[in-house]
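Undergrad: Please see the structure below; I have some questions.
The values are calculated or read from the model by the stated rules, or taken from the named source; none is laboratory data. Every value quoted in this text rests on a predicted model; they were computed, and no experiment measured them. With ideal geometry, Cβ positions are generated from the backbone for all residues, glycine too; neighbour counts draw on all protein chains shown.
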Amino acid sequence: MSHGPEYNEVEFPLIEQLNLMGWQHQVGDIHVPALTERESFKQTLLEGRLREAVRRINAPLYPWLDDSHVSEAVSQLTRLPTGVMGLLPVNAHLTGLLLDGVQVTGPDGKGHTVRFIDFRNLDRNDFLAINQFRVDPPGYVAGKGYIIPDVVLFVNGIPLVVVECKAPNVTSPMEHAVNDLLGYQNLRGSAEAEGVERFFHTVQLLVGTSFYRAVLGTVGARAEGFLTWKDTYPFTREEVQAGLGKPQLHPQQVLAAGVLHPRTLLDLLENFTLTDPRSKRVARYQQYRAVRKALARLQAGETRLLGAELDGRGGVIWHTQGSGKSLTMMFLVRAIRTVPELRPFKIVVVTDRRDLERQLAGTARAAGEPFTVAKGVRQLNAALAQPGAGFVFGMIQKMKGQTGDDFDPQQAVLNDSPDILVLVDEAHRSHTNAQHAHLRAALPNAALIGFTGTPIIKGQAKKTHEIFGPMIDTYTILQSQEDRATVPILYEGRTVNAFLKDGQSLDGLFDTFFDELSDEARQKLQQKYGTMGDLLEAPRLIALKARDMLLHYASQVLPNGFKAQVVAHSRRAAVEYHKAFKKAQAELVEELETLNPMFLSLPPEKLARLDERTRALVLAHPHRERLSRLEFAPVISAGPTDPPEWAEWTDPAKQETRIGDGGQFKNPKHPLGILIVKSMLLTGFDAPVEQALYLDRNIRNHELLQAIARVNRTYPGKRHGLVVDYYGVGHHLAQALSDYTQTDVVGAMTSIKDTLPLLEAAHHEATRIFTEAGLPLEAREDGVNLLADAKLRAEFKVKLRTFLNALDTVLPRPEALRFVKDAAHLSSIRDTARQVYQDDAEDEVLGAGEKVRALIAQYVDASGVQVKVPRIEVLDPNFGEQVSGYTSKRTQAAAMEHAARHFINLHLEEDPIYYRKLSEKLEELLRQHQEHWEALVEALFAFYQELQAGRPADSTGLDPQTEAPLFSLLLDAQPGKGDDISDDHRQRLIKGTTTIVQELRKRTAIPDFWRNAVQQKQARGWLVRHLDMQDLVGFEACEKTADELMNLARRLHPTWTEAGRPTPTPSPLQSGA
């Protein structure tokens, strides 16, 4: 059997690599379930292998285990508790059973834990890969409807990994692979079930691959949750290359080596996958690598008790902000509890992260260990002094005791056990010399691992390594952006008429801020606001900045549905900002309502000549209704002398409502769009919907890196974060980051001015396809004809998306407006091509943000360019006019050809034989008139009249819509396709068709027939017997023909119902069913 490039270049190399790693391989079969060790394609477990594995794993512990006990265990994987339903809730329940085992009743009448997977003894498990593994949905009878994943990985007969392969030469292979994986799970939003959700109840990981690209996701993940895996750890790349006999590795080989090795896969399932009824997450490659490196050091490093000068078991893990540092800590703790020699360790977590506390509390409960969250010095000291394992949460500031000259490390010891591990969150800022001295004195023999989301400052690197140990693992800002684990951050400096760069003298600032006042008035004001801090809290200055921030937000952030944070100089300034925003909101909405309509109709090249504020108003105008509902909220800590009205912003319960998980700010539909803070939320606050950070105080080094990381989280449609600087930090950005090694902060922030060359390059690439062919962008149909090749269309689609994304980033800067005209023309070409070639439906301005769409629409209104082109439909009475709307005969022919293909494919299952013949006729027309566009157009118009007329009545007397399709199927099942059958046999087929239609219409009229597998099975059984007894088809064709007739009946059921629903009473023929 010959195979295509998908199998030869992707699927087969993957199977070969799996074989080398210890997986057995079995070739799948889509016709005979027994060839994949099942009685039916509806079965998702390989029960024979599963039962054998249960015996093999558990018999050494339970010699009494027999078939009944095995059945009791296996049934718990197939019978769900009442109330557990839905893909992720069921998956979470069954994942728990895979990890923890199930209870079966032993001879003693007690419950005993039986496990399905042996995580400690790899050789007790069975690893099997099956390619082309067919799975049928419940109630399936015939036709399409089933799924065939390319490769499924089973552990002990349980499907854990599903791989979808795509040929490297297809367009957008990863998009198609991930889209198929979503469809298999019924996650594409289709009105009808298109996959088999039940199959994924035990599946953990999903892989999409085209060999040269490969991504990893989890069950239930959205498309953007599929990311690359770039490391082969614990194997070196050289080891993998040698094992494969290859000079270099490609992404599929890296992912397979790093994820799908049997030992690694079970490790990921046990220690590195978080599952709950709402989501499923697996570690990224840097998290897995860091945890495994840390475990290796904990096990191999020397302790001080063994003579080491410094404890050799610790170190520092630097993973940039937004890359999942807290999850890495969680994975480390889970993994420690599965290593026998590390299980006795007391784990001390130094952090103020509540979410981390909640996650680790669950781990502690599962392990049956004590869990203490220390609220003060005494409670922390008591928990640390307690011998034995357990979890302790505390903050380093609470670890105080003796101070000054009286400090005696010997008297400060709380616990001298070496079986203590201290995990320090934000290690770069938590440890002054005194704090470290207290910690080390209290726990002199503990191992310390520091986690940091920012690089180590150059001057502190030596000291940090002395405290914790050498670096364990690094994951930089740039690596995170390249992996799409975070988005790049753009920097924009802003000025208002009351704002100068950092470093200006206070006198100079006052002279500029209040230049319209007399010298005497300015002097009095300066006496009132005598310091820079007082000035930054001045209501007038805050009001000016708030007006500018709000217009910036309304024109650049709000249109794409994102949110923002303002960093104020003080708590008082934060409250003042809230007042200023409310006032600015009312003024801006009123200004937008009264904006001169002339501005709204200007083409982009004229809009570019206007002042910045007017341009911003034009962009904000379509969003004035959302702007009017916008809410603002300060989030500040409480103080003992706060005014009573500040309680609204300091109350913890109200803060939780606004910023907690599932809170108002994290909900993209809630109008709370701007938070105002001083220091709160600048660390540890994750809100992916946040895009912009407005800075109005001086921050530098780790605080700056942590603050800007609030906007680097990934989110659908979010291509970058934005830091807007009103203080002047960016004017000294190099100085603000100068204490770091340069390579450590590459990619931290990029000036928005530097994005213009990227826009120019993207514009060049998108237009080059046409300019190199000598086509002006205004020649829409010529451009469409150029895109007749599907591969070129796919290339253009990618380049246009890149160009529109770059344009969205730079807008509304005037330098970007000159590109809007070409964006409109290119979008017009793309949209017309989509209609002509009947490509999949998509946004008419694919991938573009709301800013780009609005400006293109404005250009279209001003210039008359046609961007949105209606799809040509065969049955549209205006079909001829629509086709004639294209001036080129070639374009007309292409539009009709692809519309005909689309129409035939759409109706193929309603009358398979008739539409198959039409398809063959279309191909013959195209062959006859190849490149002769006028003759082809004329022939296609005649063909369209045939399509529009539909299937004509014929000499059989059968109804063309409700009966003739079944007759064609019976005729096609005859030897020679029925070309030379006798008149008697033809009449028998006509009569048989009438009987079959009557019977199937009666049966399918029974309520919920198509959801009732028993009723469907009975109907199919009757068909097989009837076909055989009436000699309508040969005996060997009865089964296949019955399947085809059942599938056709499903498709014709709505037509039968519209023609008059028969009375749903059993027929005489049903009594033998």
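Undergrad: Tell me, which residue of the stretch 228-258 that is farther than 21 Å from P168 by Cα and among the hydrophobic types (A, V, I, L, M, F, W, C) is surrounded by the fewest Cβ atoms within 10 Å (Cβ to Cβ)?
TA: Restricting to residues being farther than 21 Å from P168 by Cα and among the hydrophobic types (A, V, I, L, M, F, W, C), the top hit is A242.
Undergrad: Let me ask something additional. Taking only pairs six or more apart or across chains, which ones have beta-carbon atoms under 9 Å, a first residue in the stretch 465-477 that is modelled with pLDDT of 80 or more, and a second residue that is among the aromatic types (F, W, Y) and not in a helix (DSSP H, G or I)?
TA: M471/W318; I472/W318; D473/W318; T474/W318; Y475/W318; T476/W318
Undergrad: If you go through the stretch 107-133 one residue at a time, how many are of a type in the set (G, A, S) and surrounded by fewer than 16 Cβ atoms within 10 Å (Cβ to Cβ)?
TA: Here is the first cut: in the stretch 107-133, the residues of a type in the set (G, A, S) are 109, 111, 129.
Filter once more, so that each one left must be surrounded by fewer than 16 Cβ atoms within 10 Å (Cβ to Cβ): 109, 111.
Counting residues in the stretch 107-133 that are of a type in the set (G, A, S) and surrounded by fewer than 16 Cβ atoms within 10 Å (Cβ to Cβ) gives 2.
Undergrad: Hey, V104 hits all of (1) touching an Asp or Glu at 6+ places or on another chain (Cβ under 8 Å); (2) surrounded by fewer than 18 Cβ atoms within 10 Å (Cβ to Cβ); (3) in contact (Cβ under 8 Å) with a residue 24 or more places away in the chain; (4) over 30 Å from P912 (Cα atoms) but one; which does it fall short on?
TA: For V104, the exception is condition (2).
Undergrad: Tell me, which strands (runs of 3 or more DSSP E) wholly within the stretch 623-728 include 1 or more residues that are modelled with pLDDT under 90 and within 28 Å of L227 (Cα to Cα)? I'd like the intermediate steps shown before the answer.
TA: Working: elements: 631-635, 672-677, 690-695, 721-725.
Correct list: 721-725.
Undergrad: Could you pull out the residue among V1033, V1024 that is crowded, with 16+ Cβ neighbours inside 10 Å, in contact with a Cys (Cβ under 7 Å, 6 or more places away or on another chain) and among the β-branched types (V, I, T)? Show your work before the answer.
TA: Numbers: V1033 fails: in contact with a Cys (Cβ under 7 Å, 6 or more places away or on another chain).
From the options V1033, V1024, the qualifying one is V1024.
Undergrad: Write out, first by first residue and then by second, each pair whose Cβ atoms fall under 8 Å of each other, whose residues are 6+ apart or on separate chains, and whose first residue, in the stretch 897-916, is in contact (Cβ under 8 Å) with a residue 60 or more places away in the chain and crowded, with 16+ Cβ neighbours inside 10 Å while the second is of a type in the set (D, E) and assigned to a helix (DSSP H, G or I).
TA: Pairs found: P912/E1044.
Undergrad: Additional query: Can you give me the number of residues within the stretch 995-1053 that are in a helix (DSSP H, G or I), farther than 23 Å from H31 by Cβ and either among the charged types (D, E, K, R) or assigned by TED's automatic domain parsing to the domain that holds E910 (or both)?
TA: So the count comes out to 5.
Undergrad: Only one of these conditions is not met by L787: (1) at pLDDT 80 or above; (2) exposed (fewer than 15 other Cβ atoms within 10 Å of the Cβ). Which number is it?
TA: (2)
Undergrad: Mind listing whichever residues of the stretch 381-427 are modelled with pLDDT under 75, surrounded by fewer than 16 Cβ atoms within 10 Å (Cβ to Cβ), of a type in the set (D, E) and not in a helix (DSSP H, G or I)?
TA: The one that is modelled with pLDDT under 75, surrounded by fewer than 16 Cβ atoms within 10 Å (Cβ to Cβ), of a type in the set (D, E) and not in a helix (DSSP H, G or I): D408.
Undergrad: Another one. May I ask you to list the residues in the stretch 807-827 that are of a type in the set (G, A, S) and modelled with pLDDT of 80 or more?
TA: Within the stretch 807-827, A823, A824, S827 meet the criteria.
Undergrad: To continue, here is another question. Could you tell me whether any residue of the stretch 240-260 is at pLDDT 95 or above and under 26 Å from H93 (Cα atoms)?
TA: yes
Undergrad: Could you check P668 against (1) crowded, with 18+ Cβ neighbours inside 10 Å; (2) within 23 Å of D808 (Cα to Cα); (3) not polar (S, T, N, Q) and say which number it fails?
TA: Condition not satisfied by P668: (1).
For every residue, the table says whether it meets (1) touching a Leu at 6+ places or on another chain (Cβ under 8 Å); (2) within 24 Å of A129 (Cα to Cα); (3) not basic (K, R).
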site	(1), (2), (3)
G225	no, no, yes
Q241	yes, yes, yes
K246	no, yes, no
L249	no, yes, yes
L260	yes, yes, yes
R263	yes, yes, no
N271	no, yes, yes
P277	yes, no, yes
K280	yes, yes, no
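Undergrad: When you check L20 against the structure, is it of a type outside the set (V, I, T), surrounded by fewer than 16 Cβ atoms within 10 Å (Cβ to Cβ) and modelled with pLDDT of 95 or more, yes or no?
TA: Values: of a type outside the set (V, I, T): yes; surrounded by fewer than 16 Cβ atoms within 10 Å (Cβ to Cβ): yes; modelled with pLDDT of 95 or more: yes.
Yes.
Undergrad: Still on this structure, please answer the following. Being in contact (Cβ under 8 Å) with a residue 12 or more places away in the chain and in contact with a Phe, Trp or Tyr (Cβ under 9 Å, 6 or more places away or on another chain) narrows it down to one residue among I1006, I990; which is it? Break it down into steps so the answer makes sense when it comes.
TA: On the way: I1006 fails: in contact with a Phe, Trp or Tyr (Cβ under 9 Å, 6 or more places away or on another chain).
Checking each option against the conditions leaves just I990.
Undergrad: So which residues in the stretch 300-323 are farther than 15 Å from L421 by Cα and at pLDDT 80 or above, if there are any at all?
TA: W318, H319, T320
Undergrad: For residues in the stretch 925-957 being among the polar types (S, T, N, Q) and in a helix (DSSP H, G or I), which is nearest to F903 (Cα to Cα)?
TA: Here is the first cut: in the stretch 925-957, the residues among the polar types (S, T, N, Q) are 928, 930, 945, 948, 955-956.
If we keep only those that are in a helix (DSSP H, G or I) too, we end up with 928, 945, 948.
Values: Q928: 21, Q945: 13, Q948: 10 Å.
Here the answer is Q948.
Undergrad: Something else now. Starting from residues that are in a helix (DSSP H, G or I) and under 36 Å from the mean Cα position of the chain (by Cα), keep the ones in the stretch 37-71 and report whichever is surrounded by the most Cβ atoms within 10 Å (Cβ to Cβ).
TA: We begin by selecting, within the stretch 37-71, every residue in a helix (DSSP H, G or I); these are 47-58, 67-71.
Of the ones still in play, those that are also under 36 Å from the mean Cα position of the chain (by Cα) are 47-51, 53-54.
Details: E47: 17, G48: 11, R49: 17, L50: 21, R51: 18, A53: 23, V54: 25.
Checked the stretch 37-71; the qualifying residue surrounded by the most Cβ atoms within 10 Å (Cβ to Cβ) is V54.
Undergrad: Further question: Are there any pairs with C-beta distances below 7 angstrom linking a residue in the stretch 925-941 that is farther than 15 Å from Y886 by Cβ to a residue that is of a type in the set (D, E, K, R) and exposed (fewer than 13 other Cβ atoms within 10 Å of the Cβ), with the two at least 6 apart or on different chains, and if so which?
TA: Nothing qualifies.
Undergrad: So which of L925, L940 is among the hydrophobic types (A, V, I, L, M, F, W, C), surrounded by 13 or more Cβ atoms within 10 Å (Cβ to Cβ), in contact with a His (Cβ under 9 Å, 6 or more places away or on another chain) and closer than 30 Å to R890 by Cβ? It would help to see each step written out before you state the result.
TA: Values: L925 fails: in contact with a His (Cβ under 9 Å, 6 or more places away or on another chain).
Just one listed residue meets the conditions, L940.
Undergrad: Looking at R51, R79, can you tell me which residue is farther than 16 Å from R198 by Cα, among the basic types (K, R) and in the same structural domain as P138 (by TED's automatic domain parsing)? Reasoning before the result, please.
TA: Working: R79 fails: farther than 16 Å from R198 by Cα.
Within the list R51, R79, the selection yields R51.
Undergrad: Also: Condition check: over 24 Å from L98 (Cβ atoms) and charged (D, E, K, R). Does K280 satisfy that?
TA: Values: over 24 Å from L98 (Cβ atoms): no; charged (D, E, K, R): yes.
The answer is no for K280.
Undergrad: Given the conditions (1) modelled with pLDDT under 85; (2) surrounded by 18 or more Cβ atoms within 10 Å (Cβ to Cβ), which single one is not true for P965?
TA: Looking at each condition in turn, P965 falls short on (1).
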